[in-house]
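The values are calculated or read from the model by the stated rules, or taken from the named source; none is laboratory data. Keep in mind that what you see is a predicted model, and the values were worked out from it rather than measured. Positions of Cβ are backbone-derived with ideal geometry, glycine not excepted, and every protein chain shown enters the neighbour counts. Accessible surface is based on the protein model in full, side chains and every heavy atom, while ligands, DNA and RNA are left aside. Shrake-Rupley method; radii C 1.70, N 1.55, O 1.52, S 1.80 Å.
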Amino acid sequence: MRPERVVIKIGTSSLISAGEPDPAKLSALADALLRLRNDGRQPVLVASGAIALGAARLPPEGRLGGAARQLAAAVGQGLLFESFRHSLEQRCLTAAQVLLTPVDVTGPEHHDSTRAVLESCLDTGLVPVVNENDTVMVRNNDVLAALLAAALGAERLVLLTDVPGLYESDPRRDANARRIPEVRAMTPEIERLAGAAARGPGTGGMQAKLCAAWIATLAGVPTVIAGADAEDAVVRAVRGEDIGTLVHARARDKQPGLRRLWRALSAPPAARLHGGPDTRRLVADGGPLTARHLRPGAEPFEADDVVDVLDPDGRVVARGRTRVASAALPGAAPDLSVLHHTEYISLLEE
């Protein structure tokens, strides 16, 4: 019987302090990975922080310009891994550095190879320490962690952050904010609770966590969003104790492919498109959505933006990447494909 695999993602603000790995946080995380291994589980760690580490070491001229974050990642990636390598080695665990992009996990050229090397790491007893290869392009590690959890058939995805889970309002502004301990399934209504993405030293925020939760749970992986500073947060989340917010996997007759999930759900929707009376049927059938069926709302959007599709009652029935900008829709040919069937996900309940 295969050991249970778990993917743990920790954010920059939960690991880095004043441009350096926080020793206490690093030690607690390494202890948790050791305990999971001793429980017979196979942990995969996805760690942010390379940009913050590298930026603290760049000369002033290197902190300017469009490539500044990529340069910082190039400097910081080795430093981040070395901190984990040393900490895990003290616990007789061997770390294996893996730098990836979502294309490596979802694309046909690299998907099988990426999964094979990660499975080999786990079967050999190594601890994969994964980071988005931000030197190539800066995205976010939450989505990458969700894709890896899906690709590896993980039993659970744990997203560690600087708040203790999903709340009905922002706990940093509302002292009476109530934690949501359990979410039966991701919905746009749940997503709205996150509000605007929190600003900080990382590239994520709660919206990024919820994008990851969409991807993982639609791929069959339950997801926990929890505070990294809570005592034994990782182990408790993996063991199913009441910590943070557990988002249950959404049961589906057929799980979408990883590339489709990534394309459709890796970013919050930029706008809404309004569908006609046959929208629900078209989405259920899985066919293309054309200009004949859709009209833009008030928010402008560009080609390749993520958009929501609403039925006439205002319910979100699909989300995906649009092939055209909002300005191109008025007067467009009726058969113009706005959302190709491979670029959107049905959000109809099954």
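Worth a mention:
- Each residue in the stretch 92-115 was checked for being among the small types (Gly, Ala, Ser), without any contact (Cβ under 8 Å) to a residue 40 or more places away in the chain and assigned to a loop (DSSP other than H, G, I, E, B), and 0 pass.
- Odd one out for residue 134 among (1) under 23 Å from residue 264 (Cα atoms); (2) out of contact with any strand residue (DSSP E or B) (no Cβ under 7 Å at 6 or more places or on another chain); (3) not in a loop (DSSP other than H, G, I, E, B): (3)
- Test for residue 281: is it in contact (Cβ under 8 Å) with a residue 24 or more places away in the chain, more than 26 Å from the chain's Cα centre (by Cα) and open to solvent by 30 Å² or more (accessible area, probe 1.4 Å): no
- Qualifying residue in the stretch 60-67 (condition: within 25 Å of residue 223 (Cβ to Cβ), open to solvent by 20 Å² or more (accessible area, probe 1.4 Å) and either in contact (Cβ under 8 Å) with a residue 40 or more places away in the chain or outside any helix (DSSP H, G or I) (or both)): no
- Residue in the stretch 74-91 that is in a loop (DSSP other than H, G, I, E, B) and without any contact (Cβ under 8 Å) to a residue 60 or more places away in the chain present: no
- Only residues that are assigned to a strand (DSSP E or B) and either in contact (Cβ under 8 Å) with a residue 40 or more places away in the chain or open to solvent by 70 Å² or more (accessible area, probe 1.4 Å) (or both) were counted in the stretch 290-325, giving 10.
- The condition (being outside any helix (DSSP H, G or I), among the aliphatic types (A, V, I, L, M) and open to solvent by less than 60 Å² (accessible area, probe 1.4 Å)) is satisfied by just one residue among 118, 148, 210, 157: 157.
- Among the numbered conditions (1) out of contact with any Lys or Arg (no Cβ under 6 Å at 6 or more places or on another chain); (2) buried (at least 19 other Cβ atoms within 10 Å of the Cβ), the only one that residue 123 does not meet is (2).
- Any hit, the stretch 217-225, residues being under 28 Å from residue 161 (Cα atoms), touching a Phe, Trp or Tyr at 6+ places or on another chain (Cβ under 8 Å) and without any contact (Cβ under 8 Å) to a residue 40 or more places away in the chain: no
- Residue tally, condition under 17 Å from the mean Cα position of the chain (by Cα), open to solvent by less than 50 Å² (accessible area, probe 1.4 Å) and not small (Gly, Ala, Ser), over the stretch 237-273: 12
- Per-region count, the stretch 1-57, residues assigned to a loop (DSSP other than H, G, I, E, B) and either touching a Leu at 6+ places or on another chain (Cβ under 6 Å) or of a type in the set (Phe, Trp, Tyr) (or both): 1
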